[in-house]
Amino acid sequence: MRTPRSGFMAALLSGLLLGSMAGAQEASAPAVSAEPSVHRITAYVHSGMSLYLSDARTLGGVGGGLGVRDTLYDRFILQADASYLMALGKVVELRAGAGIQRSGTWTPAALVMLSGLAGQGMRFMTPTRSTPVEGPALTVGLQLAPLRFTHAGTQLSLFELGVGVGTDWPGRGLAWHLTFLEAGTSF
């Protein structure tokens, strides 16, 4: 016959047995790595201005856009974004780039950017060109982000500056890009 005290002892022993089995399973489980993940995908919004100037045309304006960035090993950056700009007409800018950033909370970055601007703008006739330039203005350039900060999956960047060169045969053009504010979050 069981007494209340023997029931208590049986429950205590079975609890200790189950607890030790659970502890053994945890001890045999692989340890979680403290290293950063290989990929960190960030969606971001930005506001700024872009301007493309050549002898044949002027495109650009002020506006904002959306983008996505993949940060590899908390160091290497691949990104793409799209912006809608107004002021000199209605212009769409598509950009893609790759670069490198500093690890940590202060994460300044430098990127090589490919950019295309298409839409309305001012077109000029020149002695070497009797027809207006058609098609997008394509450029390649460098973008610097000195005031960029990352903390707990959130990224904030102020005053990024970019400059690039393109061509409007037979001349060439110069592109300027200034990001006022960029804010993103990892998912």
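The values are calculated or read from the model by the stated rules, or taken from the named source; none is laboratory data. Predicted, not measured: the structure shown is a model, and the values here were computed from it. Don't worry about glycine lacking a Cβ; one is built from the backbone with ideal geometry, like all the others, and counts go over all protein chains shown. Only protein heavy atoms, including side chains, enter the accessible area calculation; ligands, DNA and RNA are left aside. Shrake-Rupley method; radii C 1.70, N 1.55, O 1.52, S 1.80 Å.
Data table
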| quantity | calculated |
| --- | --- |
| In Hz, Karplus ³J(HN,Hα) per residue of segment 138-148 (6.51, -1.76, 1.60; θ = phi - 60°; x = Gly, Pro) | 9, 9, 10, x, 10, 10, 10, 10, x, 10, 10 |
| At R0 = 25 Å, FRET efficiency that the Cβ-Cβ distance of residue 158 and residue 125 yields, to 0.05 | 0.05 |
| Directionally averaged shadow of segment 81-164, computed from the convex hull of its alpha-carbon atoms, nm² | 6.7 nm² |
| Backbone HN-Hα couplings from phi across segment 175-187 [Karplus 6.51/-1.76/1.60, Hz, Gly and Pro as x] | 10, 10, 9, 10, 9, 6, 8, 9, 9, x, 9, 7, 9 |
| Residue order for 81, 55 - accessible surface, 1.4 angstrom probe, largest first | 55, 81 |
| Lys, Arg +1 and Asp, Glu -1 on Cβ, resulting dipole of segment 45-145 about Cα centre, debye, nearest 20 | 100 debye |
| Alpha-carbon centroid distance for the pair segment 112-142 / segment 66-103, whole angstrom | 20 Å |
